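**Student:** First the structure, then my questions, so here it is.
Please treat every number below as a calculation from the coordinates, not as lab data. This one's a predicted model, so the numbers in the text were calculated from it and none came from an experiment. As a convention, Cβ positions derive from the backbone with ideal geometry for all residues, glycine included, and neighbour counts pool all protein chains shown.
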Amino acid sequence: MARIAGVILPNNKRIEIALTYIYGVGQTIAKKIIKESGVDASIRVKDLTEEQANKIREVVEKRHRVEGELRREVLSNIKRLKEIGSNRGLRHIKGLPVRGQRTKTNSRTVRGNVRRTMGSGKRKLEKT
């Protein structure tokens, strides 16, 4: 059981895949980390020696921004956009897609999965 950057990595996965469980580490960065630490990419997490785990831990913590530090940075960037009143900041405030996606037909999950068709908004008049 390896614990890197506060995340317990799954034992039966290859180290290359297991590193992606850390927030801020994708496949590309995981490959770079393995290359820098000099560990075999096909080794399983349960087969890592303590020395190899320490090498990987050192590379991750010293050279890459991950987990809490990265989350704080992302939140502060969004907060800055909101404060200056930019278009992206306003979209964040309203809870709409930020990166230019269309909203007429898609983005149901962002808008709360509201499905409206023609005529469903108006109440029908009852005959007496």
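**Student:** Per DSSP helix of 4 or more residues, -39500 (n - 2.57); summed, then divided by the residues of the chain. What does that give at 222 nm, rounded to the nearest 500?
**Tutor:** -13500 deg cm²/dmol
**Student:** If R₀ is 22 angstrom, what is the calculated FRET efficiency for the pair Lys32 and Glu58, using the beta carbon separation as r and rounding to 0.05?
**Tutor:** 0.95
**Student:** Moving on. Can you tell me the equivalent ellipsoid semi-axes for the chain? Use √(5λ) from the Cα gyration tensor, largest first, whole Å.
**Tutor:** Working: eigenvalues 426, 80, 26 Å².
After scaling each eigenvalue by five and taking roots: 46, 20, 11 Å.
**Student:** Another question, then. Using 0.36 nm times the number of residues separating Thr103 and Lys79, minus their current alpha carbon distance, what extension gain do you get?
**Tutor:** 6.3 nm
**Student:** Can you put Thr28, Thr117 in order of Cβ neighbours within 10 angstrom, beginning with the fewest?
**Tutor:** With the fewest neighbours first, Thr28, Thr117 line up as Thr117, Thr28.
**Student:** Determine the shape class of region 3-67: with a ≥ b ≥ c the square roots of the Cα gyration tensor eigenvalues, call it rounded for a/c under 1.5, and otherwise prolate if a/b is greater than b/c, oblate otherwise.
**Tutor:** rounded
**Student:** On to the next question. Can you give me the long-range amide H partners of Ile4? Hydrogens built in the peptide plane at 1.01 Å from N, cutoff under 5 Å, separation of 5 or more residues or another chain.
**Tutor:** Amide H neighbours of Ile4: Leu9.
**Student:** With angles folded into 0 to 90 degrees, how steeply does helix 67-84 sit against the dominant principal axis of the chain? Use alpha carbons for both and round to 10.
**Tutor:** 30
**Student:** My understanding is that a pair violates if its Cα-Cα distance is over 28 Å; which of Lys13/Lys55; Lys13/Lys79; Lys35/Lys82; Lys13/Lys35; Lys35/Lys79 do that in this structure?
**Tutor:** Beyond 28 Å between Cα atoms: Lys13/Lys79; Lys35/Lys82; Lys35/Lys79.
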